[in-house]
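> This is the structure, below, for whatever I ask next.
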Amino acid sequence: MLNMILFGPPGSGKGTQSSRIACRYNLVHLSTGEMFRQEVRRGSGYGEELASYMNKGHLVPDQLVIRKLYRAALANMKGPGLVFDGFPRTLHQARILDQLMTRFETQVHIVICLMVEEDELFSRMMGRAEDSGREDDNTHTMRRRLEIYHQQTKPLKEYYRQQKKISFVSGMAPVKDVSARIAKVVEYYRQKKEILQSLTEDEIS
Ligand code: AP5
């Protein structure tokens, strides 16, 4: 299995790049934002509850996120791997994800942090607002989403830095160039893994 997280501020290209990576490496793309929007469109009570947080640019409470994500991930734990897009967003979510991975004797292998300048984030979001139909694509909510990213999600960088899993990739380039940068990180990881697997235990020690 190859499990990856695409991490970064709102509008940094997580969704765009996750679907390209998933396609390139035959992985399953799990986007919590997209799962929630589907639920909102369905008009269920759960959807209404989600919308009440999302439309204000707030994070959905952990217990609602984890319930949804866990189900989607469980259905795919025997597959070739997962690309998490927009999850985890809090330390609690990151710990829960680690527990899930351990339960299936696997782990998060690669965390890609997309770096994009703030002006560019706003310009991308405003560009998308014209036809996305997303209630949270407006300047006011975007500011709130960005604040919350800095307060609650950015600390995860340290969590994954300590695990030596995070790679920083500039997202300030055309989509295909950013994809090529991410692919380089994946290839580097795969080569390292192959070399380690080819070494005997004596050679490693
Ligand atoms: P979510 O859908 O995850 O929104 P987000 O993190 O704010 O990110 P976006 O989808 O807005 O942007 P992105 O980084 O995916 O960029 P994209 O590829 O779309 O979450 C929405 C809400 O759900 C949250 O605010 C929260 O309420 C809730 N939620 C979700 N997950 C949660 C969790 N785990 N815990 C709690 N709450 C949660 O690109 C943006 C635009 O830029 C597009 O128009 C795209 O075409 C364009 N673009 C992309 N790359 C480039 C490029 N290289 N050059 C030029 N344009 C580009």
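> Scan segment 171-201 for residues that are small (Gly, Ala, Ser) and within 19 Å of Val111 (Cβ to Cβ) and jot them down.
Answer for segment 171-201, where residues must be small (Gly, Ala, Ser) and within 19 Å of Val111 (Cβ to Cβ): Gly171, Ser179, Ala180, Ala183.
> Right, here's the next one. Within segment 160-186, how many residues turn out to be without any contact (Cβ under 8 Å) to a residue 60 or more places away in the chain and open to solvent by less than 70 Å² (accessible area, probe 1.4 Å)?
Total meeting the criteria: 8.
> In segment 78-103, how many are assigned to a loop (DSSP other than H, G, I, E, B) and either within 16 Å of the ligand (Cβ to nearest atom) or touching a residue at least 40 places away in the same chain (Cβ under 8 Å) (or both)?
7
> Of the conditions (1) more than 18 Å from the chain's Cα centre (by Cα); (2) exposed (fewer than 13 other Cβ atoms within 10 Å of the Cβ); (3) not aliphatic (A, V, I, L, M), Gln99 fails just one. Which one is it?
(1)
> Here's something else I'd like to know. Please work out which residue is nearest to Ala180 (Cα to Cα), limiting yourself to segment 125-139 and to residues that are open to solvent by 70 Å² or more (accessible area, probe 1.4 Å) and touching a residue at least 40 places away in the same chain (Cβ under 8 Å).
Arg128
> Scan segment 136-183 for residues that are among the β-branched types (Val, Ile, Thr) and more than 23 Å from Pro88 (Cβ to Cβ) and report the count.
So the answer is 2.
> Okay, moving on. Restricting attention to segment 117-134, report how many residues are at pLDDT 90 or above, part of a loop (DSSP other than H, G, I, E, B) and either more than 21 Å from the chain's Cα centre (by Cα) or closer than 15 Å to Met54 by Cα (or both).
The qualifying residues number 0.
> If you don't mind, there's one more thing I want to ask. Answer with yes or no whether Ser18 is within 16 Å of the ligand (Cβ to nearest atom), assigned to a helix (DSSP H, G or I) and touching a Leu at 6+ places or on another chain (Cβ under 7 Å).
Spelling it out, Ser18 is indeed within 16 Å of the ligand (Cβ to nearest atom), assigned to a helix (DSSP H, G or I) and touching a Leu at 6+ places or on another chain (Cβ under 7 Å).
> Against the definition (under 19 Å from Gly33 (Cα atoms), modelled with pLDDT of 95 or more, charged (D, E, K, R) and open to solvent by less than 90 Å² (accessible area, probe 1.4 Å)), how does Arg145 come out, yes or no?
Taking the combined requirement at face value, the residue satisfies it.
> Of the residues Gly8, Gly86, Gly81, Gly57, only one is open to solvent by less than 20 Å² (accessible area, probe 1.4 Å), farther than 27 Å from Leu121 by Cα and modelled with pLDDT of 95 or more; which?
Matching residue, one of Gly8, Gly86, Gly81, Gly57: Gly81.
The values are calculated or read from the model by the stated rules, or taken from the named source; none is laboratory data. Keep in mind that this is a model prediction, so the values were computed, not measured. For neighbour counting, all protein chains shown are included, and Cβ atoms are generated from backbone atoms with ideal geometry for every residue, glycine included. When the accessible area is computed, the model is the full protein with side chains, heavy atoms only, and any ligands, DNA or RNA have been set aside. Shrake-Rupley method; radii C 1.70, N 1.55, O 1.52, S 1.80 Å.
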